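All remarks here apply to the structure that follows.
The values are calculated or read from the model by the stated rules, or taken from the named source; none is laboratory data. Computed from a predicted structure; not experimentally measured. Glycine also receives a Cβ, built like all others from the backbone with ideal geometry; neighbour counts cover every protein chain displayed.
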C-alpha cells in the first residue's frame, strides 16, 4: 500500500510516495526504484540512471551516503502534523560545548557577524555570531557552562 | 630491545604503534579514558589500563596516572604518539628518571625545540634560515605590541609552546592587535597551559614543506625527503603529499641538508620533522616537531621505510638499519585527513554514532583509523576519524586513487569532510600545485558547494524507503529471502520510534 512521506534535509522538503520498491517524488518525473544490494548498500534507479548509496537509521533521523557525501534526513508521514525545525531568532551551540566567553547582555545592539558567545568543543573555539543586525533580547548562558545543541544561549529580537 | 611498550595515546596512532610493536614481538599496553573503554586501541593491545575521566587533562595528559600504569604493567618503554604528551619535556624527563625508555628524543632536546624561540636560535646558529621575528621583552600587552611594531605588519602572533595552529593569529593592522593578543593568549593558555607569545613576520603566500628525519644514538642522521603540507585550514593540515609537487631537485638538496644540519646541531635522536615555509626557492625554518607526525604514512609510502619500527629500534639503542644513500623516493603518495566536521557549517566539529562505517580498500590504498562501526564520536578528543593514504607510480595515479577511495568510504551517522576533500582533490589549482597555505581560506566557496539535485533526489527516495520500512516494521517488498552474502540491509531496522 502506498504511503506518503515528507522528507527534509533541514533546508528543503520533498513530498514522497513509497509503494514497495517504487518511489515517486512530487514535482519530479518518473519513478525511483529503490532496491537493496547484496553488499548492504542500495541501488536507486531513475530515468535509466543507476546510483548506489548507503543508508542507516538513527534514533531521530535517517542518514544516507552517496559518493562520499552524507546527508541527514527527517521523515514524517505526510498525514502527521509534526513540522520541521523552524528558523527562529535563537542562538544555539551546534554541538555539546563549553561556553568560553559571552560578549553581549540583554539589550545589546549588535551588527551582523558580531560574536555573541564563544563556545569550545574538541579543543576548538567557535564564535556564535549575530545572523543580522539586531538587539539581544536575553542571554541564557554563562562562562564555563556545558551546553547542548538544544540549549538556547541567546535570544534575539 | 624493549619488551613491553605502553602507548600513551588513543585512536589511530595508538593502533599504528601497537601494530608495529606486535610485528617486532613487543608486548603492548594501552591506556584509556572512561570514554574509550571499548575503543579499538584498547581491544588491540595485550593489556589495557584505565587512567581517568574523559577529559584529556584528566586522562591522556595525566602524567602520574600514565606513569603508574607503566609501573603496574611493568612496561619498559613509553610511546607518546603525537599530540597529548608527545612534546612534553617534563613527561619525557620523568620517564627517563624512572628508567623508562621514552620513544622520542632526549628530554633536553624536546625542551629546547619546544620553545620556538630557543629552537630558532639553535637552528639559525647551524646556518638554517629563519623567519625574521621578535620576542617581546615581557608578556605585557604593551611589549607584545612593541614587538609587532618592530617586526612590522602583517605579522604573525604565535604561542611559544604552540602547535597545530592553536594560539596563532595573523595581525594585519595595529587596530587588530589588542583583540588578537587576547585571543591568542587565551587559546595558548587553554591548549598548552602556557600563554607565552612571540611575533614573526608573515611570509605571504608560502608553501608549507617539511622534512622527515631519523637519527640514532650512534651519530647517524638521515632525512627521508620532504612532504608538502600546504593545504591547510586554520593551520590544520588537510591534505599532505610527497614528493612536493613544486620542489626542484636543487631545492630538495638544500632543504634536506638544512634539516639534517639542524638535527645535528641540537643532538637530535629518533624521528622528527623540520617544518619550513617555502616561497619560491627560498625556505625558512618554521619549527621542529620532536615526534612522529600525523602524516608520516606519506613518507612511508614513498620510501618504503616503517618509521615507527625505526623509532623503536633507535629508542632501544640500536643503529638505524639504513644509510642515507640507501634511501630513495619511489612514486608519489597523498594523505587526506577525514574529519568529523561540517564543511557547510564553517567546519564545526560533529559528534554522533557511527551507524555504518566501511573503509575503502584497493591497490595503493592505506587507511589508518581508530574507530569502528557502532562507536560514538565524542566531544572530548580531536575530530579526526581516519587518514586515507594512497600511493602510485605517479602523482596522478595516487590522486586518482585518493578520489576513488574517498568516494567509496562509507561513513554514516555524522557529518564529515569527505565532500570537501573530494572538491579539493579535483580543483585545478590544487591539481597543478598552484597553492599556498591560505589557499583554502581564500577559495572556500569552491569547496563547500552542496551536492547536485540528482544525487539529492535519489537519496530523498532512499530516505523515504528507509522511513517506510521502519514504519511497517516488516520485510521489504524488494527483498527476495536472505542474500548471498548474508548481509541484509533490512535487518538493521529496529522498532519504529517516530
Check off (1) in contact with a strand residue (DSSP E or B) (Cβ under 9 Å, 6 or more places away or on another chain); (2) more than 7 Å from every other protein chain (Cβ to nearest Cβ); (3) surrounded by fewer than 18 Cβ atoms within 10 Å (Cβ to Cβ) for residue A:41 and give me the number that stays unchecked.
-> (3)
For the stretch B:275-288, enumerate the residues that are surrounded by fewer than 22 Cβ atoms within 10 Å (Cβ to Cβ) and over 18 Å from residue B:247 (Cα atoms).
-> B:287
Could you tell me whether any residue of the stretch B:422-429 is within 23 Å of residue B:235 (Cα to Cα), free of Cβ contacts under 8 Å to residues at least 24 places away in the same chain and within 14 Å of chain A (Cβ to nearest Cβ)?
-> yes
A careful count of residues in the stretch A:2-23 that are more than 23 Å from the chain's Cα centre (by Cα), more than 8 Å from chain B (Cβ to nearest Cβ) and either outside any loop (DSSP other than H, G, I, E, B) or at positive phi (or both) gives 2
Please indicate, with yes or no, whether at least one residue in the stretch A:117-137 is at pLDDT below 85, in a loop (DSSP other than H, G, I, E, B) and more than 30 Å from residue B:235 (Cα to Cα).
-> yes
Within the stretch B:313-324, is even one residue farther than 30 Å from residue B:6 by Cα and out of contact with any helix residue (DSSP H, G or I) (no Cβ under 6 Å at 6 or more places or on another chain)?
-> yes
Whichever residue in the stretch B:62-90 is in contact with a strand residue (DSSP E or B) (Cβ under 9 Å, 6 or more places away or on another chain) and free of Cβ contacts under 8 Å to residues at least 60 places away in the same chain and, among such residues, is surrounded by the fewest Cβ atoms within 10 Å (Cβ to Cβ) = B:72
Out of the stretch B:439-473, which residues are in contact with a helix residue (DSSP H, G or I) (Cβ under 9 Å, 6 or more places away or on another chain), at pLDDT below 75 and more than 8 Å from every other protein chain (Cβ to nearest Cβ)?
-> B:449, B:450
Check whether at least one residue in the stretch A:25-32 is in a strand (DSSP E or B) and either more than 9 Å from chain B (Cβ to nearest Cβ) or more than 15 Å from the chain's Cα centre (by Cα) (or both), and report yes or no.
-> yes
State whether one or more residues within the stretch A:45-56 are free of Cβ contacts under 8 Å to residues at least 12 places away in the same chain, within 19 Å of residue A:23 (Cα to Cα), at the interface with chain B (Cβ under 7 Å from one of its Cβ atoms) and surrounded by 12 or more Cβ atoms within 10 Å (Cβ to Cβ).
-> yes
Filter the stretch B:34-49 down to the residues that are in contact with a strand residue (DSSP E or B) (Cβ under 6 Å, 6 or more places away or on another chain) and farther than 18 Å from residue B:369 by Cβ, then identify the one that is surrounded by the fewest Cβ atoms within 10 Å (Cβ to Cβ).
-> B:46
Evaluate the stretch B:204-217: report whether one residue or more is surrounded by fewer than 19 Cβ atoms within 10 Å (Cβ to Cβ) and closer than 24 Å to residue B:88 by Cα.
-> yes
For the stretch B:331-356, enumerate the residues that are part of a strand (DSSP E or B) and within 12 Å of chain A (Cβ to nearest Cβ).
-> B:336, B:338, B:339, B:341, B:342, B:348, B:349, B:352, B:353, B:356
Failed criterion for residue B:409 (all others in (1) closer than 27 Å to residue B:462 by Cα; (2) more than 11 Å from chain A (Cβ to nearest Cβ) hold) | (2)
Output the residues belonging to the stretch B:134-151 that are within 12 Å of residue B:199 (Cβ to Cβ), in contact with a helix residue (DSSP H, G or I) (Cβ under 6 Å, 6 or more places away or on another chain) and surrounded by 15 or more Cβ atoms within 10 Å (Cβ to Cβ).
-> B:134, B:135, B:136, B:144, B:145, B:148
Within the stretch B:191-199, is even one residue surrounded by fewer than 20 Cβ atoms within 10 Å (Cβ to Cβ) and not assigned by TED's automatic domain parsing to the domain that holds residue B:137?
-> no
Consider residue B:361 against the criteria (1) buried (at least 23 other Cβ atoms within 10 Å of the Cβ); (2) over 19 Å from residue B:83 (Cβ atoms): it satisfies all of them except one. Which criterion is unmet?
-> (1)
